[in-house]
Amino acid sequence: MAEYVMIIYLSFFVFLFIVYVLAAHFITMVPVGDAAENLSEGMTMLAQYDADRYILLMFHATLIQGFCSGIVAGAMGSGSPYSGLKHSLVMVAIAYITFTQLGLA
């Protein structure tokens, strides 16, 4: 059963990496304000774009992903979702530390 737990941890780290790349490199590169006004008429929604709100949304999604993945890891590894709380705590802590140390949250 340890294989299942390792796969869940691996998938969480892949998710965390993808969210980091999106938050650090993609979301901050979207033009806003005056730069967005020079774009075509169909992209007027970018004038109200707030990158910090999207980064916060990704931070919350990562915390939820970590918590739920931990519960699933406990259910698959030990047969009880209650034993997944330790995995949830570890994954949520990793997500929180990653976002705060990288200056995203």
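The values are calculated or read from the model by the stated rules, or taken from the named source; none is laboratory data. Quick caveat: nothing in here was measured; it's all calculated off a predicted structure. Virtual Cβ from ideal backbone geometry, glycine too; neighbours counted across all protein chains shown.
A few comments on the model shown:
- If only residues of segment 53-66 that are in contact (Cβ under 8 Å) with a residue 24 or more places away in the chain and of a type in the set (A, V, I, L, M) are counted, the one that is nearest to VAL30 (Cα to Cα) is ILE55.
- The single residue among SER83, SER78, SER69 that is over 16 Å from PHE12 (Cβ atoms), of a type in the set (S, T, N, Q) and touching a residue at least 24 places away in the same chain (Cβ under 8 Å) turns out to be SER78.
- Highlighted here are the helices (runs of 4 or more DSSP H) found entirely within the chain that include at least 1 residues which are at pLDDT below 90: 2-21, 34-37, 51-77.
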